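Some notes on the structure that comes next.
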Amino acid sequence: MEILTAEQAGLTGAIPKEIGNLRNLGVLEMDLNSLRGHGLPNLEQLCLGSNTLTGVIPDSISNASKLTKLDLISNRFSGPIPNSLGSLKLLEILNLGRNNLTCASSSSESELRFITSLTNCRFLRVLWVVDNPLNGTISVSIGNFSTSLQNFAASNCTIKGDIPAEIGNLSNLPYLILYGNDLTGFIPATVRGLLKLQALRIGSLKVAIVIDLSSNQFSGDIPSTVGGLQNVIKLFLDDNRLQGSIPESFSGLISLEFLDLSQNNLSGVIPKSLEALQRLTYFNVSFNRLRGEIPNGGPFMNFTKGSFMSNEAFCGAPWLQFPPCDSNSHHRSKNRRVLLIVFASLGIASC
């Protein structure tokens, strides 16, 4: 027997250890049952998602030297993610999302050490640990992942601390999902290293990047180097503590379709150069401290008041329902500068 499928079969109880005697079994799929236990056989693909499996993930799983896919999503596994997973040299897909897994066995340890061990898996393409109480910091070893890594998702994991600068080494990573954590500090300028991140869309051959760092506690300015990510399609930085202005360099995000900067402490004006973002269909800067004229060309012709609400002092086109901008203010300012120059040349003081 090479393939055993028992998905949605209403199975309950423990997985019998005797299943390990099926030496030729290559794929075991038992999704959406009510199994419990921790007997995990030596397989090439192990898919046990959406069950009620409990206990810790055993170190003995590292004996499955041919394992390429391990999917344990939506169970009740607890305890630390074992470092022994790093021994699975052929592993391509690891999905441990929606369990009760932690970062370490000791409360004094805070680094996500499993990241370091998984850098030994040179074929790893997908790493999902979403919705687990990891409660740790991202190891600098994340920069040592193979260039094969295409999807790293660790949202809602109570991850804290800074994003290490080494993340810029992941030059082929299309999807980086870190929303809903307790990340702090600055967004590293090395994100420019993600410039070559690509995900091939069959048919259009279109590169795609999604960067989601929303709902954290990032502070400081948005690095101008972010504007160099020409392949970014979706950029979510909402619900943080970002300050300063929207970088003029954002006009270089030529592939951008979604930009969410809402619920921060951004100030200054919206750069008029963003009118050049022809693909932009969603834009949200609400709940900041922005002011001045809202651009009204390019994609901004299609945005509504909801994209700009709860800021300091916007003005703009009538369809946005903000007060009209004073078109004479620029001319008055220019005329005043001319007068100052004339007065200065005549030696006359002006108040």
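Observations on the model:
- Rounded FRET efficiency, nearest 0.05, which uses the C-beta distance separating Phe186 from Val140 and R0 of 22 Å: 0.90
- Amide H contacts under 5 Å for Gly55: Ser78, restricted to partners 5 or more places along the chain or on a different chain, H placed in the peptide plane at 1.01 Å from N.
- Cross-link check: pairs Lys66/Lys234; Lys234/Lys272; Lys272/Lys305; Lys160/Lys272 evaluated at a Cα-Cα cut-off of 28 Å; pairs beyond the cut-off: Lys66/Lys234; Lys160/Lys272.
Here, each number is a calculation from the coordinates, and none is a lab measurement. The structure presented is a predicted model; accordingly, all values stated were derived computationally and were not measured. All Cβ positions, even for glycine, are placed from backbone atoms using ideal geometry, and neighbour counts span all protein chains on display.
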